[in-house]
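Data block below; observations after.
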Amino acid sequence: MAIVTPLKTAAEQQLAQQYADAKAELPGGPAVRKLREDAFAGFEAKGLPHRRLESWRYTDLRTLLREARPLADGVKATDAVKARLAALKLDGLRLVLVDGVFAAELSDLDGIPEGVSVQSLADALVSPREDLTRILSGPSVGADDTGLMLNTALMRDGVFVEIADGVELAKPVVIVSLSSGVEERSVFHRSAVLAGAESKATVVEVSETAGDAAQQINGAIVIETGDGSEIQHIRLVTRQAAASVQVQSLLATIGAQAKFDSFALVCNAGTVRQQHFVRYAGEHSEMGLRGVNLLGGSEHSDVTLVVDHEVPHGTSRELFKSIIGGEATGVFQGKVIVRPHAQKTDGGMKSNALLLNEGASMFNKPELEIFADDVVCGHGATVAQIDGDQLFYLMARGLPRPQAEALVLQAFAGEAAEFIADESVRELVMSEVEAWLAAREANSQVSTV
Amino acid sequence: MAAVQETIDQVKSIDVTEYKYGFVTEVEVDKPAKGLTEDTVRYISARKNEPEWMLEWRLDAFRRWKTMTEPNWSRVNYPPIDYQDLYYYAAPKKGASPKSLDEVDPAILETYKKLGIPLREQEILAGVAPENRVAVDAVFDSVSVVTTFKKELAQAGVIFCSISEAIQEHPELVKKYLASVVPVTDNYFATLNSAVFTDGSFVYIPKGVRCPMELSTYFRINEQNTGQFERTLIIADEGAYVSYLEGCTAPKRDENQLHAAVVELIALDDAEIKYSTVQNWFPGDAEGKGGIYNFVTKRGDCRGKRSKISWTQVETGSAITWKYPSCILRGDGSRGEFYSIAVSNGMQQVDSGTKMLHLGKNTTSKIIAKGIAAGKSDSTYRGMVSAHRKATGARNFTNCDSLLIGDQCGAHTIPYIEAKTATAVFEHEATTSKIGEDQMFYCQQRGLSEEEAVALIVNGFVKEVLQQLPMEFAVEAQKLITISLEGSVG
């Protein structure tokens, strides 16, 4: 019988070599080791995700990752890293990862509020916790994703945050993941936030690179929210070299009667693939996934989400806004699954894209998979240009075209950011949006379609 | 209260628990041995007296088919099909190319009478006002038994005949257009069809002619273990217009039967083709035994400027439906439309939708798809709207709604919306819901029974599509929807 050996790309071979070299020193007890081995075996069998895999149809990682960069080694707290940290104006419990490794000396460990415990993921991985495998695995709908498998196999560090039952945090937990960017490196990190019952918190994730070298980043965050909790997760992916490639996974499990919201802003970040896997573990919960993608040049942003309504009475809302110029590509793939017996599910998904000039593309694939009859589910997807009437209205009142466009675009993007409860976080998000629009306006760039 | 009485009568007049077209006609048939080899292909070609080029074309398709694998991406499950356990050709023995209706086997005529398909021109004239006449091409298993109103159509310059006849009489048109929309190797089933297609309709509307009547083909599978592979080719030359209807039924049998058709439409400058289907193949029994596998490739090519192709389909039959009537919007300013109602009940599986490929400038398309799933059925809408880089000004509106009746069925929506030009405007909306309790309450409170209320609400839900159907079909389609949903309440 002929044995079929799939041809491996250079990057796949390099990753296999890196895993073989690193696995002895990657942190974790026997259970974690098994998790890594299984994940890597899964990755080996399937290879890097490519466009013939339905869930990666529009982001061909096999082509994008011609070569796997060497794994980042050791914390490089360069001056640029320190300068960037100083420039980040956001109050809260600051936890810093540099090149995927928890940097205690740069973090604000003295300011840990009562009811919150923080450790590095490396420490958590070697702890004797019995629920570790469950926590790390996340929702089952993400189990066969090869991007995530690679993260599981190679995750080196991150932060492991636990918020006790009933604790309400006044200020956000800010996880800053900075790459030093001195050399081209690949980084695998994962963090976890376990929020207890009736807790209330905002978790901010910032992913940036301080230097100029393009990075290959594979990050993941696990969020488990307890019954009756209210958790908001805000992610900022920005300040990356144009050639950088990034996969960011969100693994969220929502308790009963809980509220969970996640928002992500992507701008000036090269190629970014975000994948959200969300599971409802309890009834009567509300969940929202939102995001803004500001794309130009040859940037590529892919938002893929799978929302798994396993139990009745779940509400989900998704809203993604994309503004696409240059030769950039936007991708939205949303899948809402309503399992049998998940009656009274209320789902609404929306993706809106504005294309600014020829060369820009948008691919939408909003899916519904429904096995219960007493549900209300809908989705909408639009692709269009800046509304001429709106521009006319503003220009008739004396605004020059670039300014009028900036105003319309700001309102368009702002709709997805409105729900952010923490004012300082919302302001930070909108200031990034405004800076992107201001740069466009300063170049007197106007829409040409 | 007229409407209520009408609904009750409608329910009464139809034998609701039975698939009413499930009878078998006893006719002597001529068929080759089971199985598919080059000899089968040669046999079919020889039986049809085809020219050498046609045989070569078929053999080429057959050789390619052998190298292909069956697609498995659709959301349907069925046991593997044994392609060697099928008959690929079955023709009634009596009256193989009849000169007139008198030469056709009376049993076959009886069948069409039972199905309510008028084959005698005088009967048609007697019953219906002249302006509502419909010309019919009746295909029984593998052959076309009769085509009506040929003379009158010929006067207008319209060619309407079976594809076998067209290969003999109009080889230049067939050579020019056959497989120009659905290439031979487009997909597994289309390639199979190219190798073994037996009959189907051929329509050519010359320049500037508005076809004087509706054209229609009625497909009937009768024989056991027989696959039906029909091929339809419709060409509307510059400025022409044609409305074409298609209907299909099959007897109730325990085994699954394969129906793999290919339909190609070509619209040149300013031409318009309206293609309507009422698909009512045997869906199998309540346990999912038997039924037709309906694996069909339908595609229209808006080749000319300002041309228009419109697909309307009402899908209630078939155990499995795998069908995506599509439009290639090649000509500048061309327009594609797709209106669909897919009703599934029992163990039926439907994976259907459309593709609108915008290639020309200022092309527009509209998709209205309504899926109704009941019983243990699964209904999937799968569609693609894409605008090529040069398709500036492309415009699409899509609306796909699903209605679920009962808690054991599934409804899925998988749309792909791809804009590669920044001047495209695409709108897509989809909803899934069950019949609102308030709607039911409103109807029942006014004296309708639960079942009548469901029928009324469902008819309202699909009205947008029904409106697109020609009159004769709209009535039939409305009845079909009532039958299909029987027993799904509660």
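The values are calculated or read from the model by the stated rules, or taken from the named source; none is laboratory data. Computed from a prediction, not measured in an experiment: that's the story for all the values here. Here Cβ is always computed from backbone atoms with ideal geometry, including for glycine, and neighbour counts include all displayed protein chains.
Confirm whether B:MET347 is more than 13 Å from chain A (Cβ to nearest Cβ) and of a type in the set (A, V, I, L, M).
yes
Hey, among B:GLU429, B:GLU464, which residue is of a type outside the set (A, V, I, L, M, F, W, C), within 7 Å of chain A (Cβ to nearest Cβ) and within 25 Å of B:LYS274 (Cα to Cα)?
None of the others qualify; the one that does is B:GLU429.
Just give me the residues in region A:62-101 being of a type in the set (A, V, I, L, M, F, W, C), modelled with pLDDT of 95 or more and under 19 Å from the mean Cα position of the chain (by Cα), in sequence order.
Scanning region A:62-101 gives A:LEU95, A:VAL96, A:LEU97, A:VAL98, A:VAL101.
Taking into account only those residues within region B:277-306 that are of a type in the set (S, T, N, Q) and in contact with a helix residue (DSSP H, G or I) (Cβ under 8 Å, 6 or more places away or on another chain), which is nearest to B:ASP237 (Cα to Cα)?
Only one residue fits best here, namely B:THR297.
Pull out all pairs, ordered by first then second residue, where Cβ-Cβ is under 9 Å, the residues are six or more apart or on different chains, the first lies in region B:357-369 and is over 9 Å from B:ALA391 (Cα atoms), and the second is basic (Lys, Arg) and assigned to a loop (DSSP other than H, G, I, E, B).
B:LEU357/B:ARG330
From the list B:ASP407, B:ASP438, exactly one residue is without any contact (Cβ under 8 Å) to a residue 12 or more places away in the chain and within 7 Å of chain A (Cβ to nearest Cβ). Which is it?
B:ASP407
Of these, A:ALA342, A:ALA328, which one is at pLDDT below 95, more than 20 Å from A:MET430 (Cβ to Cβ), of a type in the set (A, V, I, L, M) and in contact with a strand residue (DSSP E or B) (Cβ under 9 Å, 6 or more places away or on another chain)?
A:ALA342
For region A:257-275, which residues satisfy the criterion of being within 13 Å of the chain's Cα centre (by Cα) and buried (at least 23 other Cβ atoms within 10 Å of the Cβ)?
A:SER262, A:PHE263, A:ALA264, A:LEU265, A:VAL266, A:CYS267, A:ALA269, A:THR271, A:VAL272, A:ARG273, A:GLN274, A:GLN275
What number of residues within region A:349-387 satisfy the criterion of being crowded, with 23+ Cβ neighbours inside 10 Å, closer than 17 Å to A:ALA328 by Cα, at the interface with chain B (Cβ under 7 Å from one of its Cβ atoms) and among the small types (Gly, Ala, Ser)?
So the count comes out to 2.
Checking A:PRO172 against (1) within 28 Å of A:SER55 (Cα to Cα); (2) surrounded by fewer than 24 Cβ atoms within 10 Å (Cβ to Cβ); (3) not charged (D, E, K, R), which test does it fail?
(1)
Any idea which of (1) among the β-branched types (Val, Ile, Thr); (2) under 30 Å from B:LYS305 (Cβ atoms); (3) touching a helix residue (DSSP H, G or I) at 6+ places or on another chain (Cβ under 6 Å) is the one B:VAL425 doesn't satisfy?
That leaves (3) as the condition not met.
Counting just the residues of region B:223-254 that are touching a Gly at 6+ places or on another chain (Cβ under 6 Å) and part of a loop (DSSP other than H, G, I, E, B), which one comes out modelled with the highest pLDDT?
Per the criteria, the residue is B:GLY239.
Which of the residues spanning region B:360-386 are at the interface with chain A (Cβ under 10 Å from one of its Cβ atoms), buried (at least 24 other Cβ atoms within 10 Å of the Cβ) and touching a Lys or Arg at 6+ places or on another chain (Cβ under 6 Å)?
B:THR380
Might you let me know whether region A:231-240 holds any residue that is under 15 Å from A:VAL81 (Cβ atoms) and within 16 Å of the chain's Cα centre (by Cα)?
Yes, some residue in region A:231-240 is under 15 Å from A:VAL81 (Cβ atoms) and within 16 Å of the chain's Cα centre (by Cα).
So, A:SER361, is that one closer than 30 Å to B:ARG75 by Cα, over 19 Å from the mean Cα position of the chain (by Cα) and modelled with pLDDT of 95 or more or not?
So A:SER361 passes the test.
Exactly one of these conditions fails for B:GLU452: (1) over 23 Å from the mean Cα position of the chain (by Cα); (2) within 10 Å of chain A (Cβ to nearest Cβ); (3) buried (at least 18 other Cβ atoms within 10 Å of the Cβ). Give me its number.
Failed condition: (2).
Against the conditions (1) surrounded by fewer than 23 Cβ atoms within 10 Å (Cβ to Cβ); (2) more than 20 Å from B:LEU466 (Cα to Cα); (3) more than 14 Å from the chain's Cα centre (by Cα), where does B:GLU264 fall short? Just the number, please.
(3)
Which numbered condition trips up B:ILE414, out of (1) among the aliphatic types (A, V, I, L, M); (2) more than 9 Å from every other protein chain (Cβ to nearest Cβ); (3) closer than 30 Å to A:SER298 by Cβ?
Status for B:ILE414: all satisfied but (2).
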